[in-house]
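For reference, the structure discussed in these notes is given below.
Derivation of every value follows stated rules applied to the coordinates shown; laboratory data play no part. Worth saying up front: this structure is predicted, and the values here are computed from it rather than measured. Ideal geometry is used to build each Cβ from the backbone, glycine not excepted, and the neighbour counts take in all protein chains shown.
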Amino acid sequence: MHRSSAPGSATDPSSSLELFDRACRRLLGYGTVFTDAVLEKIRAEVPYYADPMLAPPDVRETVGTGIRHGLETGVDPSRIVDVERFTRELGMRRAEQGRPLDEVLHAFRVAGSEVWSGMIDVVEREGLGDARRLVHVAELVWKSNDRDAVLVADAYRQVIEGVAGRHAERVRLILAALLETRQEPEFTRSAADILDLPLDDLYAVAVAEATPPYGRVPRSAPELRGIRVLRHAWGQRAVFVAHLGDLPLEAFASGLVAGPGLRIGISPVVPGLESLARARDMAGLALRTCRRDGEVVRLDSRLPDGLLLSRPELSNELVRQVLRPLYDLEPADRDLLFDTIGVWIECGGSTVQAARHMFCHRNTVLNRLRRIEQITGLALSRPRDLVQLTLALDAHRLLGPSAAARSADDAQRRRPPA
């Protein structure tokens, strides 16, 4: 059977609250003396706050205000709104100042512990009553302290998340500007500071593109040892900016993987942040030279293809001049000759290897090559003619049906029936 505590006994809740009230009032009367004692304890137990270079400059004012609000709430519980407002503002301010949250919470809890110890001490030292009575309000005090610590942490994290979000957006816009076009030197210097990248160093850019229906561009930058990589979304593509430093381009290229439904083009090494726009263009050019999914292509390994793609009007003119006679043939015949010369070139000019690859006789390959020479007027034995034909074939492959093919088809349609 429950037995009520006798009035005035050590277990009387009303008596405990009265003693708690007297202790709070007495500590409020100590003013800055008690504040300084709590601050010294914080500095002794939290090294971060003991360092004048690291500790917040307003720490004494903050400790004093926090103690006052806490003690006033003990006297008048309706003042809890002041405590909640103060703790939220404290968390926000420390986040904006860049102070570590762990250190802030450590100092907050040390202050709470010192206030509680101060209450017990003042009750015993000044004979305010039986200090044992405070046990009945201890749970209330510590729950309030824990609640306030949570408020500090929540406000701190909200600010940090907001700052991180704004910073991430700023980084995105700056990186996009650097990749879009060449910027003024002043902007590039500011960009280097914000991105935390050296202004004059070696960089490379990669562009990844997914092919439907199953391809997906990477959603994050690859983690490469010794290379910092930033990711930027560029339409349906992903752009990766790599700060190479002293590492070779291969260290970046070898860390990029193009799985099914993905192709990646890589620029040559460029000097300085001001060259990122040019590097992005070259990476995009390398991407266009990819022949199949799963390829990771460096532009420096396909410069002839890149040259043809960079000037499509000249490449089409080359196709017209060199290959137009072949477009007058029947499509099946024309494609067979294109396949034969392409395989022969890939086989290093060996008719034997080309014949094996195409499952035909060597003389069949020779006959087809002679037909190409007769139709185009080029001699495959002349290096300049062979270079011209090779480039024209590459342009045909890279650019698709050319103006030469369309012109030949139009002429065929206009030709009167026999």
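Results, tabulated for the structure shown:
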{"item": "Around T376: net Lys/Arg minus Asp/Glu count, Cβ-Cβ under 15 Å", "result": "+4"}
{"item": "Cα shape, region 177-253, gyration tensor, a/c 1.5 rule", "result": "oblate"}
{"item": "Nearest-ten-degree value, helix 276-288 long axis tilted from longest Cα axis of the chain", "result": "50"}
{"item": "Nonlocal amide H pairs with G245, under 5 Å, H built at 1.01 Å", "result": "L202"}
{"item": "All-pairs alpha carbon distance profile, region 311-414, 10 Å steps from 0, percent", "result": "15, 48, 30, 6, 0"}
{"item": "Listed values (1) 28.8; (2) 21.8; (3) 24.7, entry calculated as Kirkwood radius over Cα pairs in Å", "result": "(1)"}
{"item": "From phi via Karplus (6.51, -1.76, 1.60), per-residue ³J(HN,Hα) for region 26-39 in Hz, x at Gly/Pro", "result": "5, 5, 4, x, 6, x, 5, 4, 5, 4, 5, 5, 5, 4"}
{"item": "Likely footprinting exposure, S16, S190, fewest C-beta neighbours within 10 Å first", "result": "S190, S16"}
{"item": "Neighbourhood charge, 12 Å Cβ-Cβ cut-off, centred on R228 and excluding it, Lys, Arg +1 and Asp, Glu -1", "result": "-1"}
{"item": "CD proxy at 222 nm, helix term only [per DSSP H run n ≥ 4: -39500 (n - 2.57); per residue of the chain; nearest 500]", "result": "-20500 deg cm²/dmol"}
